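The numbers here are math on the coordinates, done by the rules we state, and not lab data. Bear in mind the structure is a predicted one, so any value in this text is a computation, not a measurement. Neighbour counts are summed over all protein chains in view; Cβ atoms, including those assigned to glycine, are modelled from backbone coordinates with ideal geometry.
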Amino acid sequence: SANANNNGAAGNKKRKNHRNKNRKRNLCSRHKMFVDFTDVGWNDWIVAPPGYHAFHCTGECPFPMAEHLNATNHAVIQALVNSMNPQMVPPPCCVPTKYSSLSLLYTDSSDKIVLKNYNEMVVDACGC
Amino acid sequence: TTSSRNFVASYEIEDSHVEVTRSVEPQVLARLESQFLKLFGMPRRPSKRSAPLKVPKYLIDLYNAQTGNDLGTSNLHLPGRHTRTANTVRTFYHLPSSTGVRWGHGLKFDLSSIPDHEKVTGAELRLVFNKKNNVSLVPVGVDAMDISALDSDSMGSYNSVRVLVNDVIKPSKKDDEPHMFPIDTKYVDLSKRKKNSFWITFDIFPAVSRWMENPKSNHGLVIQVIHPNGQVMSQSTLKHIRVRRDTDNLSGQENDPVLFTYSDDGVNKKQRNAKALSRAYR
């Protein structure tokens, strides 16, 4: 019946969307990683910030690669070769592509107040 | 780290935010702390403080300016200042019990906590000035003068003064004037100052640079306030001022003179060199 056909098509579309959504969710992207200085007992010497938002990268880098995956030319080739023969080469890795520095206000070993910038401490973007 | 702590690891799975709390073994936490301290360039964890820490407002402002500043560098963002590749600001308060400075408004700072590998690229002395009745200028915190003890005749009534910072090259043996070298001066026009209390910053990098090369040559600084008529407010004119300082509090008061050093720990240079070598190798 028409209704059954409609339901079937709608159901298929729904399932397909769900599958795509799941697949999209597993793609290489930035995820939260946070160290709370109070929880580890360092808030007595680290004045600010209260915690460290470091972030991390995880996810798949499948072929073909979307633009937002920030893939390098090498990653595209590696993914292509991997898709043809997975035993030959592993898939490309999901890694940080952009970092930013972290400012920390703390007391040093001689109780002097120090402000210091640390390079490449926070992941801003991930890519393949 | 003697007992295990609850460590909160939070991460995201798909759309749901998951927070897992689990007990971490003291050894694991100690290893984590050791790695962090190594990253921070600290040999050991600072001792626990009994009194609350007083952080200078300037440093908090600088921290706020740096945070959220998405620059791809760890260099301090200080427009107009020649701090170059500095990524560290250290705070030093005047040593109240120092005997090295005997003359005038002497200030002495112990810079021994700056690690040898750090290169100091800039140094500033910040003093708070109080405007009294719009006519007199009293440097607060310089030898912690008790303002109530000031003789108004010796202060005079002026709208402007010149403040001179001198590096003591050779200290005086008695109460004579030491050998000094002027390193910075500021002209302060009180009529243009709206606030009663304000900070004045002096560039004292030449002195700090000399002290870093030879720590024994650190005899402190001498501050002189010069009135328009040429009268210098030195020990001779201010010897009646009672020196008052709370020697128990070494952490610094809000209005104490404070020295900030800007230094480069060299870590980023190593990273830059390593990256350049890696590129060349490839």
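Data for the structure
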{"quantity": "Per-residue mean of C-beta atoms belonging to partner chains within 10 Å, peptide B:25-36", "calculated": "1"}
{"quantity": "Per-residue average of Cβ from other chains inside 10 Å of B:38-47", "calculated": "5"}
{"quantity": "Sites B:ALA51 and A:SER109, calculated FRET efficiency, Cβ-Cβ separation with R0 22 Å, nearest 0.05", "calculated": "0.80"}
{"quantity": "Number of partner chain Cβ atoms within 10 Å, mean per residue of B:53-63", "calculated": "4"}
